[in-house]
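Heads up, the thing below is written out as structure tokens.
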Amino acid sequence: MTSSLKTLVASSAFALAASIAFSAMAQTPSAPVTPTPSARPHGKGMKELDTNKDQMISRDEAKTRPRLAKNFDAIDTNKDGQLSHDEIKAYRKAHQGERKSNGQTQPRP
């Protein structure tokens, strides 16, 4: 292949890729999907669970989230009966990818 033909092919591929990217960005965005509170036990979700505002999730507070309650002992690494944001974050990081089942993402604990 000559140099000019290679340049033409590369330029065409780039133009095609750019047009696909721009057309994808130009599409009308759908309504944003807001996760349910049960899928967000940290940040805003953790604040909602933390009814006594001590920045920790007790076993009683976790009862409203079945997955969190089920995995409470595994998440509570320091065994103080409370879940901190760091413990939840570490558990989620350690168990990434395990929540997928049958092609559907399961809520995080």
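Coordinate-derived values only; no laboratory data. Keep in mind the model is a prediction, meaning the values are calculated, not measured. Cβ sites come from the backbone with ideal geometry, for glycine too, and all protein chains shown count toward neighbours.
Numbers below:
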read-out	value
Under 12 Å, Cβ to Cβ, from A69 - net charge with Lys/Arg +1 and Asp/Glu -1	+1
Long-range HN-HN contacts of S58 with modeled amide H, under 5 Å	L83
